[in-house]
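The values are calculated or read from the model by the stated rules, or taken from the named source; none is laboratory data. Everything numeric in this text was worked out from a predicted model, so none of it was measured. All Cβ positions, glycine included, derive from the backbone under ideal geometry; neighbour counts span all protein chains shown.
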Amino acid sequence: MTSFDLQSAVIRDDERVSRVASLVKGDVVYAEPVPFEQLEEARRALPAARGGAGRVGTFSLGPLQVFFEPVPEQSTPGPLADCRYLLVARPDPRKLIENDPVSLSRSLNRLPFEAILDLAGRLRSVLVSNLAVLSRIPVEIPGPGMASSSLASVVLAILPEMLRPEGLAEAVDLELGSPSTPGRRYLDGWVDGTTSHAGMVARLERSGLGAQTAAPVRFTPQVRAIPTRQLHITAGNSPVVPFLSFLRALLTRGASTIKVASEALWVQAILAVALRAAGPEHPMTRHTSLVYWPGGDREIEDVLFSAGAYDRVVVWGSAETVRSVRARALHTKTITMAPRYGVSLIDLRGGARPEEAARAASVDTLIWDQKACTSSLVHYVAGSEESALAYCEQLRAALAHWDDRLPRPLPLAVQGQLRMLERGALRTARWFVNGKAPDLRSAVVFTREPFDLSLHPMSRFVVVRRVERLEDALAWIGPSVSTAGVFPETALIEVRDLLATCGVSNIFPLGECERAWPGMPHDGMRVLSELVNWTSSGIQARN
């Protein structure tokens, strides 16, 4: 299988300046090189608020976006500290849009589904055979793209698994099809239906009330799933998100532009060069773009959100991001992955062991370090206050174990948030803390009062509330909850219909809330079905 060099994903101009690969309609592109001295001059000219003492900063410089961070050797970074830089090409939005529907119809519409599976298989082989090279890419990218080696290894293990052709085929067959008709048939051609009903006027004509009596008609209804032009605005809470967006575009044969979040630039680099290596002339490669621009950039987004530019806009992110995109893409069907969160429901009334529940709950809590929409932020414990407090201590110990295995020091800003909560909204709560300022690592809080989740720092911080029965927690659970992990499993059977009625999308045994499978709904949707145009047709024969 084709291999690729690290330098094709990340170009190191010197020890302080790197350029990361983007993909524009199948072509790997880079920012133009800029001398280190020019970057330093531009950074030092920034206002202090934009270029100051933060660990990572960014600014635009002509047709490129610049990320910078103090060099690791400098323990006391400041506005004028020497930095290393990452350059990313800012895309020309007009070059991303597909303006020739006839060409798309003759390429993507006619592409057999087997050709999609073949490309997925080749891409999987490229990733697997180049694992040693790929594992170096995340740490080669400074600034927001940098990932810990433990996180990168998990992601790199997940990506090939997501590309298994048999799993992808099953997802399409389930999401686009029915028990009698596999979904891939709707992508490959027109699928015959059974019965149809003539319209009122046609019936009148056939009854003799029209200008002439028409001959009887045999009509065969048909349906097909037609590819769409897709714009995916992804979020930075998980580096897997842009890859998932790419897979959805691939499986629906959609000409796609995928905006990658700054936190996932290393995934952009990997996917850009790997896809190019797997199928440089494949129609899907030639109709795929993986690019970055700062969210809210009107110069780019006003073009991409204009009427007719795309058939679908898929947006992940904060409530503000979702509202903004919806307001600006008024004439395009918008699919939203709105911000949601997970909860844990733990029934300790039947003698269940708090330590067993805490170990399982810690797994759901740490999904993407509590940044994912499925990760648990609030744990509802049914039982006595004594058992709830015992659970808090066991959960603190479980989180301490993860702090040791997967170290993730809390950012100073988050530690500041926790101090404000301790003195304010949670001043009457019981705190169970791992570490001490300025080295706090994780915390569990037991509170008798409702907690405003907009104050949650989403960094290894759990709010525990006691309830008499698990059903009592439903008063605080609604459509904003994506996922609920329930313990023990007998309780899951009892409450899952209630949780589903409240709007919860995923209801799993505690500790299994990151589980996924082909055809699994996302936020209550069969997303692949939303990404195609379901088109009706038919053929008729007169007797």
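Below are the figures for this structure:
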| read-out | value |
| --- | --- |
| Enumeration of residues in the range 449-460 that are of a type in the set (S, T, N, Q) and surrounded by 13 or more Cβ atoms within 10 Å (Cβ to Cβ) | SER459 |
| The range 429-448, residues that are within 16 Å of SER344 (Cβ to Cβ) and surrounded by fewer than 20 Cβ atoms within 10 Å (Cβ to Cβ) | THR447 |
| All positions within the range 243-277 that are within 15 Å of LEU23 (Cα to Cα), polar (S, T, N, Q) and not in a helix (DSSP H, G or I) | SER256, THR257 |
| Selection count where residues are assigned to a strand (DSSP E or B) and aliphatic (A, V, I, L, M), scope the range 523-543 | 3 |
| Unique match (being in contact with a Cys (Cβ under 6 Å, 6 or more places away or on another chain), in contact (Cβ under 8 Å) with a residue 40 or more places away in the chain and either small (Gly, Ala, Ser) or over 21 Å from PRO339 (Cβ atoms) (or both)) among VAL464, VAL381 | VAL464 |
| Subset of the range 43-54 that is surrounded by fewer than 13 Cβ atoms within 10 Å (Cβ to Cβ) and in a loop (DSSP other than H, G, I, E, B) - its residue that is modelled with the highest pLDDT | ALA45 |
| Yes/no for THR535 being β-branched (Val, Ile, Thr) and under 16 Å from CYS373 (Cβ atoms) | no |
| Top-ranked residue in the range 389-415 [being in a helix (DSSP H, G or I) and in contact (Cβ under 8 Å) with a residue 60 or more places away in the chain; ranked as surrounded by the most Cβ atoms within 10 Å (Cβ to Cβ)] | LEU395 |
| All positions within the range 361-394 that are touching a Pro at 6+ places or on another chain (Cβ under 8 Å) and closer than 24 Å to LEU151 by Cβ | CYS373 |
| Restricting the range 465-524 to residues that are at positive phi and in contact with a Pro (Cβ under 9 Å, 6 or more places away or on another chain), the residue that is surrounded by the most Cβ atoms within 10 Å (Cβ to Cβ) | GLY503 |
| Residue within the range 461-482 that is more than 27 Å from SER318 (Cα to Cα), of a type in the set (A, V, I, L, M, F, W, C) and part of a helix (DSSP H, G or I) present | yes |
| Residues (part of a loop (DSSP other than H, G, I, E, B) and closer than 14 Å to SER362 by Cα) located in the range 442-459 | MET458, SER459 |
| Single residue of ARG229, ARG218 found to be over 20 Å from GLY177 (Cβ atoms), among the charged types (D, E, K, R), in contact with a strand residue (DSSP E or B) (Cβ under 7 Å, 6 or more places away or on another chain) and at pLDDT below 95 | ARG218 |
